[in-house]
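First comes the structure, then the notes that go with it.
Just so it is clear, none of the values below were taken in a lab; they were calculated from the coordinates. Computed from a predicted structure; not experimentally measured. Note: ideal-geometry Cβ built from the backbone for every residue, glycine included; neighbour counts use all protein chains shown.
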Amino acid sequence: MAAAAINNNNNTPSWKVSGDWFDVCKCNIPCPCTFAQTPTYEDCDGIMAYHINRGSYGETILDGLNVLVIDSFKGNIWAGDGKTKLNVAIFFDEKANEQQREALNLIFSGRAGGFMAEFGKLLGEVHGIEYAPIKFEIADDLSYWSAEIPGKVLAKAEALTGPTTPPGKRVQTINPPGSEVGPGGVATWGRSLADEADALGFKWARKGRSSKHIPFDWSGP
């Protein structure tokens, strides 16, 4: 998987994936990147987790599979100046079979088209790709979300709330201009309970910073 390998293959079958995405990151709440602004500290690093609720790539079913990305960058990732690039380490669900692994690689590299073909243009250095056991959990009422690769990555957050938030309601942004999963989303804001990485050249441990959940719905080619 590389930034340069984003051209669609003429043999790409019809595909569709939908599910839950969230991140935890270095920025203060709310993360300015989601508003297409420069990160709180000029640079940012964090963890992005994807869970496919329903998905297919041609005849290959992708339901229930997870992908996790550790990332870092400096500057406004949405500036469009070609200078700010996302350096990443990518983990695909180890329970995926050979056909599913190939499909995930094609979709998340952008080579299968769809939104990730555009997002893939932001990719810089790929530190590595591994297959790992990824645990993903999300509350039905969006009160919390978490993902973990034991010993390597831990991302946990609870929904943001405050003295004027009605009970059971979520703090949300409609149509954020810097949505990491594409246009038309609803971002539900949270506060990280754990943001820890120790893998493929990335290492940090913190909590109490920004997190948000956005559902994704992609198709291609």
Mark the label point 7 Å from the Cα of S18 along Cα→Cβ and return the residues of segment 188-221 whose backbone N is within less than 14 Å of it. 215-220
Let's test the formula: R0 of 45 Å, r as the Cβ-Cβ distance of E158 and V126. What FRET efficiency results, to the nearest 0.05? 0.90
Rg (Å, one decimal) plus Dmax (Å, integer) for the alpha carbons of the chain? 16.4, 54
Largest to smallest principal axis extent of the C-alpha atoms in segment 103-221, angstrom: 45, 34, 23
The chain, relative contact order in percent, only Cα pairs under 8 angstrom and at least six apart counted: 26
Between helix 98-109 and the chain: long-axis angle, C-alpha atoms, 0 to 90°, nearest 10: 60
At a 4.7 angstrom Cβ threshold, list every cysteine in the chain that has nobody to pair with, or say none. C25, C33, C44
How do 106-112, 122-128 rank on mean C-beta neighbours within 10 Å, highest first? 106-112, 122-128
Proxy reagent accessibility, fewest Cβ within 10 Å first, across Y131, Y41, Y144: Y41, Y131, Y144
Which one of A49, A96, A139 has the biggest mean-square fluctuation once the chain is modelled by GNM with Cα springs under 10 Å? A139
Mean-square fluctuation check for the chain, GNM, Cα pairs under 10 Å: which of N66, N11, N28 is largest? N11
How much mean residue ellipticity at 222 nm does the chain get from its helices, if each DSSP H run of length 4 or more adds -39500 (n - 2.57) and you divide by all residues, to the nearest 500 deg cm²/dmol? -2000 deg cm²/dmol
Please work out how many pairs of lysine residues in the chain are eight or more positions apart (or on different chains) and have Cα atoms closer than 14 angstrom. 15
E94/R191 FRET efficiency (R0 41 Å; Cβ-Cβ; nearest 0.05): 0.85
Taking every pair of alpha-carbon atoms in segment 1-124, give the share separated by more than 21 Å as a whole percent. 41
